[in-house]
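Contents: one structure, followed by commentary.
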Amino acid sequence: MSSCESFLEEKPEANLTTPQNLMDLRSLLDDESIINRSFPGLMEMGTDDYYLDYTDWASRPAYEKSIYCWQPVAMTTTDNVSTFWTNPYRVISTANIVLESLERLGLSATEEGQKLAGEAYFIRGYMHFSLAQIYAMDEDTDSGPMGIPIRRSSDIDIKTVRSSVAETYNTILEDLETATRLLPESTDYLTRADRTAAFAALSRIYLFRGDYDSALRYAEKVLEKRNILLDYNSIDVNSKNPFPVKSNPEILYFGISSSASSLLAVTRSNVDSLLYRSFENDDLRKQAFFTKKREKVFTFKGFYSGAEVSFFYGLALDEVYLNKAECLVRLQKVNEGLSVLNKLLENRYKQGSFVHYTDLGYLDALKIILTERRKEMCRRGVRWSDLRRLNADFEFRKKLKRSIVQANGSAEEFVLDPDSKSSVFFIPDEVISRTGIVQNPQ
């Protein structure tokens, strides 16, 4: 485990296959090396927030090079399959073991048992959702159900099948709704979910599904309990790691990617130049998020995970503010939405320098909120999902382009059209051959 934040190491760990009591179950859910550190980094690897120099791209394995060019191939190496498929499903299996053990041991009705069940439902729902963002199609096709395999049992002998897209999301929402009824109001550890974290997850999912009323309702539930933002004037934005996890009031649930050492490693990935230039000089995020690599080239450093080894894929209040702002505008409450956005940005600019957004029309307000969302949520595991959902909106759909320029000056351009099937990744060949489920289309 990382030593960057000792508070993440204070809980006991266990490798238990047959839990016998509540302590065993607690140890399973507290194994943060599995539960909190297995989010698939594919959620950021296809986005438009970064680019690679030719030498860095050429040095990467074929699978990573294909992802960068939006020409997906099925992963075949054991490391990739483990990182992007097996490990996330291992988290889901752990949650299932806890739920089944609570029933087997007759502990489901106890106070601690209900808390553990709430955490397990949250973990299962949130990880299924993370997998759906990279493997589930937007809708079912003539080829059959194109959601993801939903695992609600730890029994490995149960046949793996792809659920429909509707069933995938219905199950995810059901798990998280159940979690809200069982989880405690607060928790001593950011690596454990509480009710507020579940509300935040539901707000994100409903926003991605275009249900703005529900996304707004859950965002407001979060902000009723937690609403203190981190004032960037209070931190050293020039520090190598400006965001200490333990003292960041915005973090609701700690989760990180398992693959920052790949395409997105800070030593090789460069911040998209248009994204970098979108930050004004008085915007403290410009210094807190980025550091100069060479002339006019910058790399990312603004890790809410507290260190540069992994990206933050958990849940935090800044996203909830952005969810609320967007939902209000989409529901024709433009001034209210801008007021929410202004509160967030007051805590991001140099003291007294931010000029509030006021008196804007619907479309202009929405453009600003979506621009600020991209800036605020850089390398936080939501850009890919945002691109996918916005591709259904004529005003905001985007054609992505990458150019690979060799040393001799020759360039090859790759394009990802808004309607491309490449917005989902191939399921590992090993899984397809073992289970017979349908592969995602080319």
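Details
- Those helices (runs of 4 or more DSSP H) lying entirely in the range 67-145 with at least 2 residues at pLDDT below 90: 78-81
- In the range 45-66, the residue that is surrounded by the fewest Cβ atoms within 10 Å (Cβ to Cβ) out of those that are touching a helix residue (DSSP H, G or I) at 6+ places or on another chain (Cβ under 7 Å) and assigned to a helix (DSSP H, G or I) is Lys65.
- Cβ-Cβ under 6 Å pairs, at least 6 apart or on other chains, the range 326-354 side closer than 29 Å to Asn238 by Cα and surrounded by fewer than 20 Cβ atoms within 10 Å (Cβ to Cβ), far side among the polar types (S, T, N, Q) and modelled with pLDDT of 95 or more: Gln351/Asn233
- Pick from the range 261-279, criterion over 18 Å from Lys240 (Cα atoms) and of a type outside the set (Ser, Thr, Tyr), ranking: surrounded by the most Cβ atoms within 10 Å (Cβ to Cβ): Leu263
- Screening the candidates Glu295, Glu319 for the property of being of a type in the set (Asp, Glu) and more than 30 Å from Ala62 (Cα to Cα) yields one hit, Glu319.
- Within the range 216-268, considering residues that are in a helix (DSSP H, G or I) and small (Gly, Ala, Ser), the one farthest from Asp56 (Cα to Cα): Ala219
- Matching residues in the range 146-159 - criterion: being in contact (Cβ under 8 Å) with a residue 40 or more places away in the chain, surrounded by 12 or more Cβ atoms within 10 Å (Cβ to Cβ) and more than 17 Å from Pro428 (Cβ to Cβ): Arg152, Ser153, Ser154
- In the range 303-329, the residues that are part of a helix (DSSP H, G or I) and either modelled with pLDDT under 95 or not hydrophobic (A, V, I, L, M, F, W, C) (or both): Asp318, Glu319, Tyr321, Asn323, Lys324, Glu326
- Residues that are part of a helix (DSSP H, G or I), over 19 Å from the mean Cα position of the chain (by Cα) and not hydroxyl-bearing (Ser, Thr, Tyr) within the range 184-215 comprise just one, Asp213.
The values are calculated or read from the model by the stated rules, or taken from the named source; none is laboratory data. Nothing here was measured: the structure is a model prediction, and the numbers come from that model. Ideal geometry is used to build each Cβ from the backbone, glycine not excepted, and the neighbour counts take in all protein chains shown.
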